[in-house]
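Below is one structure; the comments refer to it alone.
Here, each number is a calculation from the coordinates, and none is a lab measurement. This structure is a prediction, so every number in the text was calculated from the model and none was measured. With ideal geometry, Cβ positions are generated from the backbone for all residues, glycine too; neighbour counts draw on all protein chains shown.
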Amino acid sequence: MNSRLVKNSIRFILLVLLQVLLFSNMHLWGYVTLYPYLLFLLLLRYDINKTNLLLIGFFTGLTIDFFQNTMGMQAAASTLLVFARPAVLNFYFKKMEFAPREEPGISKLGFTGFLKYATTLVFIHNLLLFFLEAFSFHNFFATLERVLINTVSTVILIMILEMLFSKKKKSL
């Protein structure tokens, strides 16, 4: 069995369990919900087939929907995240060369690069998720405030998790 497939499967299971068992039931200040499972989508290899990328994003979100009973909102938001991912990578890192099967993590993009990449995609995810949840533009600024607070909080958690588990660059 492919070691990368095993690694991604373990990452998927651990992050989904972390989301479902801990962070789905924890609402900081009654307002903030963290989404660590997004790290799985952010770290998928760079050269993955677009169809597979969309399917992985959809089924990852659907898995979270199943456990959170969110009626497809996570599936829609996760699918949008992976749809936007290639454009965001190209926008920020158009001159960077990615090796086959390379993951866009901190070890490749650097701290600042990964921070920009993660923040942009988590913001896109949260924007769709919270406006689907509100299903209205009636409280536009309150929803936008929630999007921003949840994005910052989730990105902080993602950065901590990525720094804890990323491989350090080998210096010569």
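One table, with the values for the structure above:
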item: Residue check, L42 within 17 Å of E162 (Cβ to Cβ), in contact with a Pro (Cβ under 8 Å, 6 or more places away or on another chain) and not polar (S, T, N, Q); result: yes
item: First in the stretch 136-148 and of a type in the set (G, A, S), second anywhere and part of a helix (DSSP H, G or I), Cβ under 9 Å, 6 or more apart; result: S136/T143; A142/A134
item: Any hit, the stretch 79-87, residues being assigned to a helix (DSSP H, G or I) and within 16 Å of L15 (Cβ to Cβ); result: yes
item: Residues located in the stretch 1-12, provided they are more than 16 Å from Y35 (Cβ to Cβ) and assigned to a helix (DSSP H, G or I); result: S3, R4, L5, V6, K7, N8, S9, I10
item: Of all residues making up the stretch 15-53, the number that are assigned to a helix (DSSP H, G or I) and either buried (at least 16 other Cβ atoms within 10 Å of the Cβ) or touching a residue at least 40 places away in the same chain (Cβ under 8 Å) (or both); result: 13
item: Test result for R101, touching a helix residue (DSSP H, G or I) at 6+ places or on another chain (Cβ under 9 Å), touching a residue at least 60 places away in the same chain (Cβ under 8 Å) and basic (K, R); result: yes
